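This report concerns only the one structure given below.
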Amino acid sequence: MDLELILRVYPFFLEAAWVTIELSVLTAILGLTCGALGAAARMSRMSLFRGIGAAYVSVFRGTPALIQIFILYFGGPQIGIQLDSFSAGTIALGVNIGAYMTETIRGAIISVDRGQTEAARTLGMSRWETMRKVVLPQAARMMIRPLGVNINALIKGTALVAPISVIELTYTAQRFIGSTYKPFEMFLLSGILYMAIIYVVGQGISWLDRRAQIT
Amino acid sequence: MTEYAFVTIKNAAKSYGALEVLKDINLTVQRGQIVAIIGPSGSGKSTLLRAINELDPLTSGEVWLEDVQINRKLPFRQYEAHVNQVRQDIGMVFQHFNLFPHLTVRGNITLAPRMLKGLTEAEADTLAEEQLAKVGLSEKIDEYPSRLSGGQKQRVAIARALAMKPKVMLFDEATSALDPELVEEVNLVMKQLAEEHMTMIIVTHEMDFAASVCDRVLFMDQGVVVEEGPPSVIFQNPKHERTQNFLRKHLNR
């Protein structure tokens, strides 16, 4: 193993790790937004919205994220959508993980006992008041861990934007392999940095989950 | 002077597809009257109770609270506004308590009054204290439901329903999920309400309680009211064979 090489190139990898973190944070925010909207649509009273929600989930879970990225980045210009690689990658990954988060959020909401809704409605609370004050606070606690699993997947999934030349961890490894011919060291370095990011995020999610269960 | 009937059920019927769970039920519960509904499981007694506040709407027939029809057929938004309004007058207590686990006892009691009646925090607190005192649980005001026994949970659930100042209380097997030694404390609270002349409709398996507290007993089986009358008649001299068979199994004598 070429330690000297690693010491020479690691600052570039740290910079790339920041790009991966930025991608992850933006993707998570977009994914959570899409997930919340998707869950609301899937649970809507109106069949049109339920249909849209179901179609969203099946399309984006039913095709590879890589294809979704390629369609947006390479295919986009053909239909007048011109995006730089970072934006295209973030949007495609965010909408993709949003489909998974839709199901996570919906699952947590429907796992709240029906009796809770009945009790609130019986007191005269409206559907929305019941959702906001009774169901969502309970569902929120139950969705922290499964959303953590989604976030873990999305962080690793950011590697999929390497083929469209976003200079994040995977792309950076590939670039240095081109000039150094040391794939073992380069991919190892990327892998370690991914793991560090995931470890920190995982700790954060565990902490949130513990805090949510106290009361 | 004619007395208002607090709850009137006319020609109530309900079916799930081909399965008829309620068949042409008529019932009038007077102001301050306490009616027990007994019968085997699957007889439709809970369904009837849940039809009164539109938790399980009827297929046909009418439910009235005083001069307000509860199950009006309205466009969705108007219907929702209407049921949200009338439900404020109908308290309900469930077999499994259904306390909100993320709120304290105080939060459970004050949530709806604060949201729906616009009480200030201080007013709502006073209300919670009053209602808890009534069910004998003043010292539990800041506990979470998970720290209460089953009987205490049900008493808090009763206090929560009473905090909306309902005109009628519905009890859906309020003591069925309780350990035998905890049943009495809930029964005591219900007896106390009876003494205050609260209108109550009680679905129950507790024949002794029904006999000692209720003005009228309905025996239901297979979606119909087989027999009704004062507890002395229903429990001592039931006319129908189905009532006799049911009571033989449920009375320990």
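Derivation of every value follows stated rules applied to the coordinates shown; laboratory data play no part. Remember, it's a predicted structure, so these values are computed and weren't measured experimentally. Using ideal geometry, Cβ is built from the backbone for each residue, glycine included, and neighbour counts are taken over all protein chains shown.
When each of B:K117, B:K73, A:K182, B:K153 is scored by the number of other beta-carbon atoms lying within 10 Å, the sequence from fewest to most is B:K73, B:K117, A:K182, B:K153.
Inter-label distance, B:R147 to A:T63: 5.4 nm, where each label sits 7 Å from its Cα along the C-beta direction. A simple charge model with +1 on the Cβ of Lys and Arg, -1 on the Cβ of Asp and Glu and nothing else charged puts the dipole of the protein assembly as shown at about 820 debye relative to its Cα centre.
Taking every residue in B:97-104 and counting other chain Cβ atoms within 10 Å of its Cβ, the average works out to 6.
Taking Cα atoms, how many degrees apart are the long axis of helix A:47-61 and the longest axis of chain A, rounded to 10 and kept between 0 and 90? Compared with the principal axis, the helix lies near 20 degrees.
Ordered by the number of other Cβ atoms lying within 10 Å of each residue's own Cβ, fewest first, A:F184, B:F235 fall into the sequence A:F184, B:F235. Against chain A, whose longest principal axis is taken from its Cα atoms, helix A:3-42 shows a tilt of about 20°. Spacing of the modelled spin labels on B:K191 and A:R45, each 7 Å from Cα toward Cβ, amounts to 4.4 nm.
Think of it as helices only: each DSSP H run of n ≥ 4 in chain A is worth -39500 (n - 2.57), and spread over all residues that comes to -26000 deg cm²/dmol at 222 nm. The angle separating the long axis of helix A:85-110 from the principal Cα axis of greatest extent in chain A is about 30 degrees.
Compactness ratio for chain A: Cα radius of gyration over 2.2 N^0.38 Å (N = residue count) comes to 1.22. Counting other Cβ atoms within 10 Å, which trypsin sites (Lys or Arg not before Pro) in region A:18-55 have at most 16 and lie in a DSSP loop? Here the sparse-neighbourhood loop sites are A:R45. Other residues with beta-carbon under 11 Å from the beta-carbon of B:F209 carry, at +1 per Lys or Arg and -1 per Asp or Glu, a net charge of -2.
Cross-link partners for A:K182 among the lysines, with Cα-Cα distance under 26 Å and sequence neighbours closer than 8 places in the same chain left out: A:K156. Modelled this way, with points 7 Å down the Cα-to-C-beta line, the labels at B:D208 and B:K165 are 3.7 nm from one another. Counts of other chain beta carbons within 10 angstrom of each beta carbon in peptide A:110-120 average 4. Summary value for chain A: 28 percent relative contact order, contacts being C-alpha pairs under 8 angstrom separated by 6+ residues.
The residue among A:A159, A:A139, A:T180 whose Cα reaches farthest toward the positive pole of the charge dipole of chain A, with charges on the beta-carbon of Lys, Arg, Asp and Glu, is A:A139.
Most tightly packed first, judged by the mean number of other beta-carbon atoms within 10 Å of their residues, the peptides B:160-168, B:104-112, B:74-82 read B:104-112, B:160-168, B:74-82.
Sorted largest first, the spans of the alpha carbon positions of the protein assembly as shown along the three principal axes are 99, 49, 45 Å. Report summary: the helix-based calculation at 222 nm, which adds -39500 (n - 2.57) for every DSSP H run with n ≥ 4 and divides by the residues of chain B, gives -12000 deg cm²/dmol. Dipole size of chain B about its Cα centre, with +1 on Lys/Arg Cβ and -1 on Asp/Glu Cβ: approximately 520 debye, rounded to the nearest 20. A cut-off under 12 angstrom between Cβ atoms defines the neighbours of B:Q88, and their net charge, with Lys, Arg +1 and Asp, Glu -1, is +4.
FRET efficiency for the A:I177 to A:A55 pair, using the beta carbon distance and R₀ = 51 Å, is estimated at 0.80. Projected over all directions and averaged, the alpha-carbon convex hull of chain B occupies 15.0 nm².
Multiplying the residue separation of A:E4 and A:E22 by 0.36 nm and removing their Cα-Cα distance gives an extension gain of 3.6 nm. Among B:K134/B:K165; B:K73/B:K117; A:K133/B:K140; B:K14/B:K45, which pairs are too far apart, with a Cα-Cα distance over 18 Å? With Cα atoms farther than 18 Å apart: B:K73/B:K117; A:K133/B:K140. This ranking places B:W64, A:W18 by how few other beta-carbon atoms lie within 10 Å of each, fewest first, which gives A:W18, B:W64. Shielding value for A:81-91 is 0, the average number of Cβ atoms from other chains within 10 Å of each residue's Cβ. When +1 charges are put on Lys and Arg Cβ atoms and -1 charges on Asp and Glu Cβ atoms, the dipole computed for chain A relative to its Cα centre reaches about 1020 debye. For region B:109-253, what does the alpha-carbon gyration tensor say about shape, rounded, prolate or oblate, given a ≥ b ≥ c as the root eigenvalues, a/c under 1.5 as rounded, and a/b over b/c as prolate? The shape class here is prolate.
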